Amino acid sequence: MRRLFALIPVLVLILTGCNTTPPVPALRYAPLADNTMALFRIGGAVDIGEFTGFSKREITCRGGTEIRPPDNKTYTQYIRDAFFDELRQAGIFRINAPVTLTGEVTKVDFTSGFVSGGEWIIIITLHSSNGRSITVMENYPFDTRWAGNVACFNVAQAFAPAVQGLIKGTINHPEFKDLLITNTTHLQNPGTTFHLDVFE
């Protein structure tokens, strides 16, 4: 019995991770081919402005391991730069274009369950200088593990594809094209919410 009680702290460290574990960086963002082609087909010219909202540079995973975006960015900066990379890759980014997109990141969080797996949750409202806006929520599931260090590594690895899914969901939003229109006098319903669970 004494041996069993002695093993409890060890099991806790394995399952939760040690709070002295160094931060785990997320992967640098890379444009998704499907996003590039979709934006290319939409065409046009768009500038990208400031993204505000979620200002953290780290989120704590289990027993204290910090999950951080690379290059000392905040999560919001990472998401903004990902949108920029996608627009530039598709050839529709233009400085001082007739339309500018800005964003408000209202939620970035994750779960790393022992049994049910993990999930990134990201919510963003994208605003156009033409007065239109859309809100998109991405729920990106990923495999996790019992061991805290492995689970937190999987959390970090899943963030970049979660952002790819967020952008894919934004592009596929039925009113995304309206954000790129310079004349909005004929448009109704100035803001909508679109929820996508996962993108492969």
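The values are calculated or read from the model by the stated rules, or taken from the named source; none is laboratory data. Since the model is a prediction, treat every value here as computed from it, not as a measurement. Quick reminder, even Gly has a Cβ in these numbers, built from the backbone with ideal geometry, and neighbours come from all protein chains shown.
Scanning region 99-117 for residues that are in a strand (DSSP E or B), surrounded by fewer than 21 Cβ atoms within 10 Å (Cβ to Cβ) and touching a residue at least 40 places away in the same chain (Cβ under 8 Å) returns 100, 102, 104, 106, 107, 109. Output yes when any residue across region 118-140 is in contact with a Phe, Trp or Tyr (Cβ under 8 Å, 6 or more places away or on another chain), at pLDDT below 95, surrounded by fewer than 20 Cβ atoms within 10 Å (Cβ to Cβ) and more than 25 Å from residue 88 (Cα to Cα), and no when none is. Checking region 118-140: not a single residue is in contact with a Phe, Trp or Tyr (Cβ under 8 Å, 6 or more places away or on another chain), at pLDDT below 95, surrounded by fewer than 20 Cβ atoms within 10 Å (Cβ to Cβ) and more than 25 Å from residue 88 (Cα to Cα). From the residues in region 73-130 that are in contact with a Lys or Arg (Cβ under 8 Å, 6 or more places away or on another chain) and among the hydroxyl-bearing types (Ser, Thr, Tyr), which one is nearest to residue 180 (Cα to Cα)? Restricting to residues being in contact with a Lys or Arg (Cβ under 8 Å, 6 or more places away or on another chain) and among the hydroxyl-bearing types (Ser, Thr, Tyr), the top hit is 75. Scanning region 49-70 for residues that are under 11 Å from residue 155 (Cα atoms) and either in a strand (DSSP E or B) or in contact with a Pro (Cβ under 7 Å, 6 or more places away or on another chain) (or both) yields a count of 7.
Okay, residues lined up against (1) at pLDDT 95 or above; (2) out of contact with any Gly (no Cβ under 8 Å at 6 or more places or on another chain); (3) basic (Lys, Arg):
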{"position": "1", "(1), (2), (3)": "no, yes, no"}
{"position": "52", "(1), (2), (3)": "yes, no, no"}
{"position": "61", "(1), (2), (3)": "no, no, no"}
{"position": "90", "(1), (2), (3)": "yes, yes, no"}
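Against the numbered list (1) over 20 Å from residue 172 (Cβ atoms); (2) assigned to a strand (DSSP E or B), residue 96 comes up short only at (2).
Note on region 43-72: residues that are buried (at least 18 other Cβ atoms within 10 Å of the Cβ) and among the basic types (Lys, Arg) total 2.
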